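Read-outs throughout are calculated quantities, based only on the coordinates presented, and are distinct from any laboratory measurement. Worth saying up front: this structure is predicted, and the values here are computed from it rather than measured. Here the Cβ positions follow ideal geometry from the backbone for every residue, glycine too, while neighbour counts run over all protein chains shown.
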Amino acid sequence: MHLKNHSGKMLSESSSFLKGMMLGSIFCALITMLGHIKIGYGNKMYHHEHHHIQAPKKEDILKISEKERMELSKSFRVYCIILVKPKDVSLWAAVKETWTKHCDKAEFFSSEKVKVFESINMETNDMWLMMRKAYKYAFDKYRDHYNWFFLARPSTFAIIENLKYFLLKKDPSHPFYLGHTVKSGELDYVTIEGGIVLSIESMKKLNRLFKFPEKCPEQGGMIWKISEDKQLAVCLKYAGVFAENAEDSEGKDIFNTKSVGLFIKEAMANQPNQVVEGCCSDMAVTFNGLTPNQMHVMMYGVYRLRAFGHIFNDALVFLPPNVSDND
């Protein structure tokens, strides 16, 4: 009798162990399968290699009449969105005093109310929710005033005139999603480190998707959380809008995820005979990872310092709006 009970107990424990092993295997298989799911429309899978979109050549701009060039320069209006948190207060101050003055309008979106600087309180620490709310606010309020929307972090320095030049021959009524493109598995996305540009058409598509949480959820993934820039790409992909890498006419990236100093350091190590040429594009739009001091140095170098005797005859001039405090 005792032997029978003991055998039954052993069988029960063995059965529990096997059940545990089976459940564990199923869970591992499920995680592996989820990790390989491709993002697409419903059950359909779409394969898309991101495009490399280049800035116009100076010769092409010169072919346009002076009157048309002036009209073009006035038609480009860029609204700048800067996502900030209270810990970024020193960068916040530097960005406010430097490059954002060259936006047609710039507004700061903060995770909470901050007394020191004027900002729009998003009432959340979640970066994806902040981004989502900022895009909705910008679209609802300014859809009829701006045709391009540029989003960045406060560690980014942007040359807005170069952005406008790059966008010169791009039609904002088409769905553009531009910047420094990175591939993650099957997903191409524009990294927030280099700044993100959306046309008004992309903003329309994105804001329509916000009404469908099954396609563009507020909280991101349930099993694991992805970064806000990846989540944006997932939502835009459902709307048929794909990430496109922005380059100059020579094929160099113009949205940069590093600082100028870091690029020069790398060029000195890798191309010591071509440090300046090998560093970065002379039509760069952004650099990232800057300190407040470096922001002001960049401002001086980009907008103030001039070499006597060197005359730059740019084919186009982007004038700030009359109400701007653009310096």
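Excluding I264 itself, calculate the net charge of residues whose Cβ lies under 14 Å from the Cβ of I264, where each Lys or Arg counts +1 and each Asp or Glu counts -1. That works out to -1. Peptides 263-272, 130-139 ordered by packing proxy, namely the average of other Cβ atoms within 10 Å per residue, highest first: 130-139, 263-272.
Taking a sphere under 10 Å around the Cβ of L206 and counting the other residues whose Cβ falls inside, with K and R at +1 and D and E at -1, yields a net charge of +4.
Projecting the Cα atoms of M299, F263, M283 onto the charge dipole of segment 58-304, computed from C-beta unit charges around the Cα centre, puts M299 farthest toward the positive end. In the neighborhood of E123, defined by Cβ-to-Cβ distances under 15 Å, what is the net charge if each Lys or Arg adds +1 and each Asp or Glu adds -1? With Lys, Arg at +1 and Asp, Glu at -1, the net is +2. Converting phi to 3J(HN,Hα) with the Karplus coefficients 6.51, -1.76 and 1.60 and the offset θ = phi - 60°, segment 276-287 yields 5, 5, x, 5, 7, 5, 7, 10, 4, 9, 9, 9 Hz in sequence order, with x at every glycine or proline. In terms of the Cα gyration tensor, with a ≥ b ≥ c the square roots of its eigenvalues, is segment 58-304 rounded because a/c is under 1.5, prolate because a/b exceeds b/c, or oblate? The shape class here is rounded.
Under 5 Å between amide hydrogens, built in the peptide plane, is the criterion, and for V78 it picks out D104, K105 among residues at least 5 positions away or on other chains.
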